[in-house]
Amino acid sequence: MSAETSPTTGRLRHSLARPHTVPRRSLLQGLSCGFGWLAFQGLQAAADQQPHFSAPAKRVIFLFMDGGVSHVDTFDPKPELDRLSGQPAKWRPDVRSQAISAGRRWLGSLWKFRQRGQCGLPVSDLFPHQAHMIDRLCVIRSLTGETPLHGAQSLLLHTGRSIAAAPSIGSWVSYGLGRENENLPGYVVLNNDWIPNGGFQNFSSSFLPAAHEAAMVRAAGTPVDNIQPAVAPELQQLRLKFLRNMDGKFAAQQGTAAGIESAIRNYETAARMQTLVPDLCDVSGETQATQSLYGVDRDDSFDKLYALQCLRARRLAEAGVRFIEITCPNTHANNSPWDQHGDLRRRHTENARITDQPVAALLADLEQRGMLDETLVVWAGEMGRTPHSGGTDGRDHHVSGYTIWMAGGGIRGGMSFGETDEMGMSAVASPLDIHDIHATILHQLGIHHEQLTWRFGGREMRLTDVHGNVVKEILS
Amino acid sequence: MTAKLVPRRIFTTKSPTLKPLVNLLRLLCLTTAAMAAAADDGRYFQQEIGPLFQRHCMECHDRETHEGGLNLQDQITRGGDSGPVIVPGHADQSLLFELVSHAEMPPPESGQLDAAEIEKLQTWISAGAALPNGQTFPSVTADRIQALLLLRCAVCHGATRQEGGLDLRTTESILRGGKSGPAAVPGNPDESLLLQKIASGEMAPARRLVEVSIKPITDAETALLTDWIAAGMPAPVADRSRENSDSEYTATEQSFWAFQTPQQAPPPSVNTTARVQTPIDKFVLQRLEQVGLSLAEPAPPDVLVRRLYIDLTGLPPTWDQLQDVLQDPADDRISKLIDRLLESPHYGVRWGRYWLDAAGYADSEGAQNEDRVRPRMWRYRDYVIRSFNSDKPYDRFLQEQLAGDELAPWQDGVEIDAATADNLVATGFLRLTPDRTFANITAFVPDRLEVIADEMQVLGSAVMGLTVGCARCHNHKFDPISQADYYKLSAIFKDAFDEHDWLKSQGERTLAVVSTAERKQWEQQKQTLESRLAELQAQQQQADEETRKSLQQQIDAAKGAIPPEPQIRALWSRGRPSPTWVLLRGNYLTPGKRVQPDVPTIFAERYPLPQIAPPWQGAESTGRRLAFARWLTSDQHPLTARVMVNRIWMHHFGRGLVDTPANFGVTGSPPSHPLLLDWLAVEFVRSGWSIKSLHRLILNSAVWQQSSAVSQQSQELDPAGLLLSRAPLRRLDAESLRDSLLFVSGALSEQMYGPADPLDVRADGLVTVRATGDQWRRSIFAMMRRTQIPSLLETFDYPQMGPNCLQRSESTVAPQALQLLNGGEVHRLSARLAAVVLQDCQQSMPLTDDADLRKQRIIAVCRRCLSRQPGKQELHLFLQGLQELANQWRQTGETAERAEQLAFANLCHAILNSASFVMVE
C-alpha cells in the first residue's frame, strides 16, 4: 500500500517472548528542542533552572535493579541468620510484610561474604566486580519502603508516590538543573527491552512539562523511535526543505506568529537529532580496552546489551544528559528480573553475571576520566528480599529494611550506613525512607528538595511530597 | 520537688559527651518527672507548660486571635477546628505535640521550640496533662473508640458481618457482646474480653488480616482502648455548638468575588460599534479600546468555516461543505452553519471529550502494574457524548452524575426506562479515578482514602473550581476552606464512599441495571441462541461420531455467541454511612472532630445545603448527594455556572477568562474580563443551562470570528493575546489531529458508540488502535488504558489523568516532528491520501509529469487537507518541490511514472506535516 519503505519494519524484534513488551509511545517525549515549547507556550520560565547552591554532582546515573536484590545475599551479611538457617522463622506481624510466619524458615546467605577493599566492608561472592570498587561505595543498609509490591515500590522509588501520576525523579532533575545540551533530553532511560513494574509511570514527566519526560533508548535494534528517516537522506532533505518553504509562507501570512516559527525550528531540531542520537548510541569508536572493560564483547546477548547500555550511559553523561537510568533485562518469563521467589541461586547468579562487570566498569571508567566526582551513581532495587523462605531456594518481597548503594557525586565511599536487625528483617539503626534518598540525591546536585516545586492542582508539588531529610552522614 | 528539678537540668544539658548518659537518664526521668507532673495537680503546667505556650503560641492562639479555632489561653480542653489537640496520656495521639515535634508549629519565622521544651510537653502529656484550677481534658470517649474499632475490627464485627455474633460499632453493641458474652466490662479492662483477645494475639487474627485489608491494632491504640474501658466507657461530651463550626471568616474573605452570585451588568458602550455582533463584543472591545486597540479584521470566510468545523466537530470541512457555505449569499450563513454543526453527531464527540478530560475518564484502573481494564466504562463515555448532542441542561447533567441513583427508583424490580438507566450510568462520573482497591493488599483504608481524595479533587477542580483537596491535611492555606469543610464534603459522599464499608474496584461496583428495553432485547437474543443451542445438543446426542464432531463446532460457536448480561459500572447509595471524622493531618490513624455532611462554611450561611432526606419513601438512600447536587445547581450558586462558562470559553479560545480553570480561589488567576464572565454565567443559567446556547452566543461574536493574523500593534500592546485583540493560532489537539489525518486520507469510520476499540501493542511498544475493516473510528472510541495510550495521541499531549485534566498542555517537542516525519502510521496514511486525491481529480496511474495534471493534483490535495486553494506563488512552490522530489527518485533508479507517484506521496506527506494542516488559524 505504501509507496515507501515503512520506517518501522525490521525494527526491534525479540528473541524471547516476553510478558511485557517495550512500549514506545512517548519514548522520545523528552527529546525536546529546548526553545520550542517555551517559545510556543510562553509557559513559566522553567526550562533553564539553576541549582540552588553549588554542589559536587552535575548528573545522576541510576542503576535500577528491579525485582529486588536480596540484601542478605549481597551487602548485608547476617551471621545469626546463617546460624539459624533452616529453623522455623518467627516475627511480629508487620504491615509491611507480605508473608506470614506459618511454615517459614530462616534462610542463611547462599553466598559467602568476604571483607573487601581498604575499608574492609563485606561483599558477597555474588558481586566480585563491585566488590573490587567497594572503597567507592556507600552501602546503605537501612532503607524502608511502604508496600511489599513491585509496582507500588517501583513508583515510590521513581516518583516518591506509590500511587500513579507524579513526575519521575529523572524529570525533576531535568527540570531542576535545566539542559546542558539543548539537542539532548535531560532524562534518558537506557532500557533493556523490559519495562519494570509500575510501567511508564516510572519515567513519566507527569505534570511537569513534556520536555522532561524520559527519552527511551533501546538496547537492541534502532535505539530511539522514529529517529531513522523513512527515506534516503537526500530525499529527507528535500522534504524538509519543501516543508520549510511551505511553513515559512504560512508564517509570513500570520504576521509575527511565534507558534509557527517554533514549529519550524522544531523540525530543524528533529532533523539534527536524527544524526546526533544514533552517533551517541554508537560505541564502535570506543577503544577495544574500554569495550572489554564493560564487557560489550561478551558472548551472551543479555550480557552484551547491558554492557552496551552502561557504556552508552558514560557517553550520554559526557554529552550533557542530566539523569541517566539503566534498567535490567528480564531473561525469562518472570515478574521482574531480580524477583526470585524460587530459583534464587541460579537467577541471582545470572543477573549478577549480566550486571556486575558493566556496573563496576562504569564506576572505574568514570573515575579514570575524572568524572566520578561529578557523577552521582545510585544502585537500587525497589525492595529487598526476605531473610526467611517458604523453601530453600527463594526469597519473597521485603520492604522493612534493605540495601542500596551510592557512589561518586560527593558521597563518601567505603562506608556503610544504617543497620537491619540481626536477622536482616527490619531497619533498626538510622532507618531511611525513599524520600530521604531523593532529598540526598537532589542535595548533591545543588537542589534543595523543599524548593524544587511545580504548581499543580493548586499546590506547590515536590518530589519529596512533605517528607525527606538529607542524609548528611554519608556526604564527603 | 527534687524530681522535678532533675529533668529540667538534664534536658538543658548541651554537652555532646554527655549525650548517651542523657538519653539514658531521660528514660528514667520521664517516669519520675511524669509522676511528679501527674501528682502536682497542674503545677507542672503552671511552671513549665503555661509559660512555654506564652512564649511560643499565644500570638496566634490566645482568646483574641484563636487561629484555627484554638484558644490556648483559656480553652485548651476544647481543642481547635479539627478536634482535640491534647489526648492526655498519649503524646503520639495529640495533634499539638505532633505539630510541635515535627517543627511545623510554631511557623518557622516565629521561633520554634527547642528539644528541652519538646521533652517537657511530652512529659506533661504522657503524665496525663494535668491542668490547674480543676480543669480537665475530656477523657477518651466512645467517639474516638468508635473510629478505632471501625478501623480495626468492624470489617468482621460490623455492618456486613457479625462474626461470633459480635458488633463492635457502638458502646451498646459492645456491652451486648457476642456468643462469648459482653466484649467489655466498664471500669474493668482486665476482665474485658475484647482486651484479652487483643493481648493474646487471637484478635485480630493475623492470618486473615490481608484477606480483609486490615492492619493490626497498634499498642498505642490498645492503650487508648484500655483507658476508655478503665474510665467506664464514657460517651462523648455533647458539644453541638462546635459541630461543623469553623473559624469565622473575615469580611474580605466573605466578599471575595468568586463566592458571590454573579450579577449581570449591562454591556458597556464602545466606540467601534460597527464591529459589535453580540454583547460579548462590547465587553471585549471596551478593554481593547482602553489600550488603543480594536479587534483584528474578520477572518476570511474560508478560514472561518474551517475554524468552525474543527472547533465544533474536531474535523476539517470537505471541499463541498466549504463551498456550500461560501456560495450561500445569505447574511446569516455563518450562524446557520453554527446551528448545523451543533446538530452534527460529531459535535458530541468533540465536546464530550473535553468533559471526559475534566472528569478523568479512563478505560482502566491504573495505579498498579496490571492496569486492569474497566470493561463497562464506555457506557459513561457514550452517555457524555449523547448528553452533549442532546444539549442536556448542565444542571441536570451534574445532578445525574453526582446523584443519578437518587433521582428515580431503580431497585426492587421496577421498570427501568431509558432516562433512569442513564441516571445510573451517569454516576460512573464518580467511578473514574485511578483505583487500586481491587486487590486485598492494596485495599487498606489509606488506599481507599486515596480514591476518595481523588474523587474530591475531581469534584473540586472540574465542577466547583476550588482546590478543596488542599484542605485534606490542614486548613486551606489561602482559601476559606477549613479541614473540617473537606471532611463535611466527603461525608456527603459517605453512603457510597465509605472507607470502612468498601466495594472493590473490579466487579463489586457493577450493576446489571439497564433499561428494561435493552434487557428484554438481550433476554430474547439469549433465549433464541439458547434454544438453538439446546436443539444442537439434542441433535448431537442422536448423531453418529462424524456428525457429532461437526455439531460440536456449531455448539461451541453458539455458546460463544450468547451475549453477556448487559451491566454498568456505577455508584449508588448503600444507605448506612459510617460517621465521618476530621483526620488530623490527613492521617487516618488520628481521627479528630466528628463532622456532619455539609457544604463548606463559607457557602453555608448564604447558600445553605437543602435539607437532606431520603429521595422517596422506602429509599435505601440517604439523599445526601441529591441535596448536594441540587445545592450545586441552584441558580444562585456562585461558582457552578462560572466554572462551566469559563471552560466552554477556554475551549473556544485556548485560554479561559479565568486562566486557572480548576482554581477560582485566591491563588487562581483573576478573570481577565470579570464582567463578561458574569454576564455569560447569568445568560447560561437563564437559558436553562443550555450549553449549545452558550456556544451560539460565543461563536456568533466578532471576537471569535476575528482573524488570527498578528498585527504590529496587537503584538506590541497585547503580546500574549490576553485582551483578545486577535484570534489565537492553535495546534490541533491529539484527537483532532489523529481524526483529521484519518479523515482527509479517507480512513475515518462514521460508526459511533459501544465498547472501546482494542489496541495493538507492537513488540517494540508502538500502540495503535485496531482498525474496523480498513477504517478507524474517531479517537474517543479507542480503548484508553492509562498505561497504553495510542502513541500518536500521547505524543501530541493526550494527558495523564491524574486524576483528571482541566487544561491540556500544548507542547512543541521534537518527538512530534519525528513522529509525523518518520513514523509509519503517517506514511501509510499519506500514501492513502495520495490515492484518494487522485480519485478526487479523476486521475489514475500511471502518473505523468504533465504540468497541468500536476497542478490539478496539487489543488485537489490542498482543498482536501487545507480547505483552500493554493495561491499563485504557493502553487509555484509546490510544483518546484514536486519536480525536485521526482528528480531525486529518478536518480535512485525509479521509472518516470513511479518517481512521479512517489514524489506525489511525499508531497502529500509534507502537507500532513505542515503548520497549515496541524494548526488552526
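The values are calculated or read from the model by the stated rules, or taken from the named source; none is laboratory data. No experiment lies behind these values; they were computed from the predicted model shown. Here the Cβ positions follow ideal geometry from the backbone for every residue, glycine too, while neighbour counts run over all protein chains shown.
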Residue satisfying condition, being within 13 Å of chain A (Cβ to nearest Cβ), of a type in the set (A, V, I, L, M), farther than 25 Å from B:ASP635 by Cα and in contact with a Pro (Cβ under 8 Å, 6 or more places away or on another chain), within set B:ALA453, B:ALA362: B:ALA362
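For every residue, the table says whether it meets (1) outside the structural domain of B:ALA604 (by TED's automatic domain parsing); (2) within 30 Å of B:HIS673 (Cα to Cα); (3) outside any loop (DSSP other than H, G, I, E, B).
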site: B:SER173; (1), (2), (3): yes, no, yes
site: B:ALA184; (1), (2), (3): yes, no, no
site: B:LYS215; (1), (2), (3): yes, no, no
site: B:THR226; (1), (2), (3): yes, no, yes
site: B:VAL270; (1), (2), (3): yes, yes, no
site: B:ILE280; (1), (2), (3): yes, yes, yes
site: B:ARG287; (1), (2), (3): yes, yes, yes
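Would you pick out the residues in the range B:770-805 that are among the hydrophobic types (A, V, I, L, M, F, W, C) and within 9 Å of chain A (Cβ to nearest Cβ)?
Keep residues of the range B:770-805 that are among the hydrophobic types (A, V, I, L, M, F, W, C), which gives B:771, B:776, B:780-784, B:789, B:792-793, B:796, B:801, B:805.
Passing the criteria: B:ILE789, B:LEU792, B:LEU793, B:MET801.
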Within the range A:417-441, track down each residue that is more than 21 Å from the chain's Cα centre (by Cα), more than 22 Å from A:LEU107 (Cβ to Cβ) and not in a loop (DSSP other than H, G, I, E, B). A:PHE417, A:ALA429
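When the residues of the range B:858-896 are narrowed to those that are among the small types (Gly, Ala, Ser) and within 11 Å of another protein chain (Cβ to nearest Cβ), which ends up nearest to B:GLN323 (Cα to Cα)? Outline the logic, then answer.
First pass over the range B:858-896, keeping only residues among the small types (Gly, Ala, Ser): B:860, B:867, B:871, B:881, B:886, B:893, B:896.
Keeping just the survivors that are within 11 Å of another protein chain (Cβ to nearest Cβ) gives B:871, B:881, B:886.
On the way: B:GLY871: 17, B:GLY881: 28, B:ALA886: 32 Å.
Filtering the range B:858-896 for residues that are among the small types (Gly, Ala, Ser) and within 11 Å of another protein chain (Cβ to nearest Cβ), the one nearest to B:GLN323 (Cα to Cα) comes out as B:GLY871.
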Subset of the range A:288-306, residues free of Cβ contacts under 8 Å to residues at least 12 places away in the same chain and either within 14 Å of chain B (Cβ to nearest Cβ) or assigned to a helix (DSSP H, G or I) (or both), comes to A:GLN288, A:ALA289, A:SER292, A:LYS304
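Hey, any hits in the range B:528-549 for a residue that's at positive phi and crowded, with 17+ Cβ neighbours inside 10 Å?
Step one: of the range B:528-549, the residues at positive phi are none.
The answer is no; no qualifying residue exists.
For the range B:186-213: of the residues being among the hydroxyl-bearing types (Ser, Thr, Tyr) and in a loop (DSSP other than H, G, I, E, B), which is surrounded by the fewest Cβ atoms within 10 Å (Cβ to Cβ)?
For the range B:186-213, the residue satisfying everything is B:SER213.
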Go through (1) more than 9 Å from chain B (Cβ to nearest Cβ); (2) surrounded by fewer than 17 Cβ atoms within 10 Å (Cβ to Cβ) for A:LEU311 and report which single condition fails. (2)
Going through the range A:169-194 in order, the residues found to be within 11 Å of another protein chain (Cβ to nearest Cβ), at negative phi and buried (at least 24 other Cβ atoms within 10 Å of the Cβ) are A:PRO185, A:ASN191
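Output the residues belonging to the range B:644-703 that are polar (S, T, N, Q) and farther than 25 Å from B:THR467 by Cβ. Quick ask: steps written out before the conclusion?
Just the residues of the range B:644-703 that are polar (S, T, N, Q), to begin with: B:646, B:660, B:663, B:667, B:669, B:672, B:687, B:690, B:693, B:700-701.
Answer for the range B:644-703, where residues must be polar (S, T, N, Q) and farther than 25 Å from B:THR467 by Cβ: B:SER687, B:SER690, B:SER693, B:ASN700, B:SER701.
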Taking only the range B:689-743 into account, find how many residues are among the basic types (Lys, Arg), crowded, with 21+ Cβ neighbours inside 10 Å and over 22 Å from B:LEU792 (Cβ atoms). 1
Members of the range A:230-267 that are more than 7 Å from chain B (Cβ to nearest Cβ) and in contact (Cβ under 8 Å) with a residue 60 or more places away in the chain: A:VAL231, A:ALA258, A:GLU261, A:ARG265
Let me spell it out: the conditions are (1) within 30 Å of A:PRO167 (Cα to Cα); (2) within 7 Å of chain B (Cβ to nearest Cβ); (3) surrounded by fewer than 19 Cβ atoms within 10 Å (Cβ to Cβ), and A:ILE227 meets all of them except one. Which number is the exception? (3)
Index of the failed condition, B:LEU95 passing every other in (1) under 32 Å from the mean Cα position of the chain (by Cα); (2) closer than 21 Å to B:ALA147 by Cβ; (3) modelled with pLDDT under 85: (3)
Residue among B:GLU98, B:GLU117 that is under 21 Å from B:GLN483 (Cβ atoms), in contact (Cβ under 8 Å) with a residue 24 or more places away in the chain, part of a helix (DSSP H, G or I) and charged (D, E, K, R): B:GLU98
Identify, from the list A:ARG96, A:ARG83, A:ARG92, the residue that is farther than 27 Å from A:PRO337 by Cα, modelled with pLDDT under 95 and either more than 14 Å from every other protein chain (Cβ to nearest Cβ) or surrounded by fewer than 23 Cβ atoms within 10 Å (Cβ to Cβ) (or both). A:ARG92
Given (1) modelled with pLDDT under 95; (2) more than 30 Å from A:PRO148 (Cα to Cα), number of the condition B:LEU342 does not satisfy: (1)
Quick check on the range A:457-474: of everything there that is in contact with a Gly (Cβ under 9 Å, 6 or more places away or on another chain) and within 10 Å of chain B (Cβ to nearest Cβ), which residue is farthest from B:PHE478 (Cα to Cα)? A:GLY457
Those residues that are at pLDDT below 95 and among the polar types (S, T, N, Q), I need them from the range A:387-419; list them, please. A:SER389, A:THR392, A:SER400
For the range A:120-138, what are the residues that are among the charged types (D, E, K, R) and either in a strand (DSSP E or B) or under 18 Å from A:ILE354 (Cα atoms) (or both)? A:ASP125
Could you tell me which residue of the range B:806-845 is nearest to the other protein chains (Cβ to nearest Cβ), considering only residues that are acidic (Asp, Glu) and within 25 Å of B:ALA860 (Cα to Cα)? B:GLU825
Test each condition in (1) farther than 25 Å from B:GLY348 by Cα; (2) away from chain A (no Cβ under 14 Å); (3) crowded, with 22+ Cβ neighbours inside 10 Å for B:ASP412 and report the one that comes out false. (3)
Do any helices (runs of 4 or more DSSP H) lying entirely in the range B:667-763 carry at least 3 residues that are among the polar types (S, T, N, Q) and at pLDDT below 95, and which ones are they? B:712-717
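Within the range A:270-287, does at least one residue satisfy the condition of being within 14 Å of chain B (Cβ to nearest Cβ) and at pLDDT below 80?
Step one: filter the range A:270-287 for residues within 14 Å of chain B (Cβ to nearest Cβ), giving A:270-278.
Imposing the further condition that a residue be at pLDDT below 80 reduces the set to none.
No.
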Right, A:ALA166: in a loop (DSSP other than H, G, I, E, B), surrounded by 24 or more Cβ atoms within 10 Å (Cβ to Cβ) and within 9 Å of chain B (Cβ to nearest Cβ) or not? yes
Residues being within 30 Å of A:PRO88 (Cβ to Cβ), among the small types (Gly, Ala, Ser) and assigned to a loop (DSSP other than H, G, I, E, B) - total across the range A:372-416: 6
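Rundown of residues vs (1) assigned to a helix (DSSP H, G or I); (2) over 15 Å from the mean Cα position of the chain (by Cα); (3) assigned by TED's automatic domain parsing to the domain that holds B:GLY68; (4) of a type in the set (A, V, I, L, M, F, W, C), yes/no style:
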| position | (1), (2), (3), (4) |
| --- | --- |
| B:ASP454 | yes, no, no, no |
| B:GLN457 | yes, no, no, no |
| B:SER461 | yes, no, no, no |
| B:CYS470 | yes, no, no, yes |
| B:LYS477 | no, yes, no, no |
| B:PRO480 | no, yes, no, no |
| B:ASP485 | yes, yes, no, no |
| B:SER490 | yes, no, no, no |
| B:ALA496 | no, yes, no, yes |
